[in-house]
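As structure tokens, the structure follows; a few thoughts come after it.
Where a number appears in this text, it was derived from the coordinates with a stated rule and is not lab data. Because the structure is predicted, anything quoted here is derived from the model rather than measured. Cβ sites come from the backbone with ideal geometry, for glycine too, and all protein chains shown count toward neighbours.
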Amino acid sequence: MKVVLQDLVRDVSKAAQITLPDAQVVVKKILSSMEEALVSGDRIEIRDFGVFQTKLVSGKKGRDIQNNRSIALPDYRKISFKAGKNIRRLFREQPSPHPPVVGNDGQLELL
């Protein structure tokens with residue numbers, strides 16, 4: 001299952017008891033504020049949920065196969081997310097969708 005923007009809007013509308021168009025404005029404003037903060041290099045910390053931040057990844061060496069030579073790829077930024085304590089706890093408490101299977105030889109088998 002996936003959650004799309006309209007699902008978030010519907011949940012905010014119900015929780016805040018506001019109309020769907022008003023909830024859509026609220027959700028879109030939150031997301032655009034987060035976008036702006038990440039683009040400007042700011043760190044977004046939402047207590048009990050997690051932290052979003054951008055990290056600089058150093059350039060690597062690539063390979064031009066047609067001309068058989070190496071090329072330098074530039075540095076780039078990526079977004080990372082580190083889950084907060086509550087989210088990590090919720091995931092630890094969830095049962096595994098694939099319980100471990102022990103084979104005849106006593107070794108764990110991957111499914």
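Using each residue's phi in the range 16-25, evaluate 6.51 cos²θ - 1.76 cosθ + 1.60 at θ = phi - 60° and report the 3J(HN,Hα) Karplus result to the nearest Hz, with x for Gly and Pro.
Along the range 16-25, the couplings run 8, 6, 10, 6, 4, x, 5, 5, 5, 4 Hz.
How high is the relative contact order of the chain, in percent, counting Cα pairs under 8 Å that sit 6 or more residues apart?
Relative contact order here is 16 percent.
Contour minus end-to-end for S80 and A16, with contour as 0.36 nm per residue of separation and end-to-end as the Cα-Cα distance?
20.1 nm
Within 10 Å of each residue's Cβ, count the other Cβ atoms and sort R89, R10 from fewest upward.
Values: R89 11, R10 15.
Taking fewest neighbouring Cβ atoms as first place, the list is R89, R10.
Note down the relative contact order for the range 43-94 as a percent, whole number, built from C-alpha pairs under 8 angstrom at least six residues apart.
40
Cβ under 15 Å from A15's Cβ, A15 left aside: what net charge do those residues give with Lys, Arg +1 and Asp, Glu -1? Before the final figure, lay out each step's value.
Numbers: positive: R10, K14; negative: D7, D11, D22.
Around A15, the surrounding residues sum to -1.
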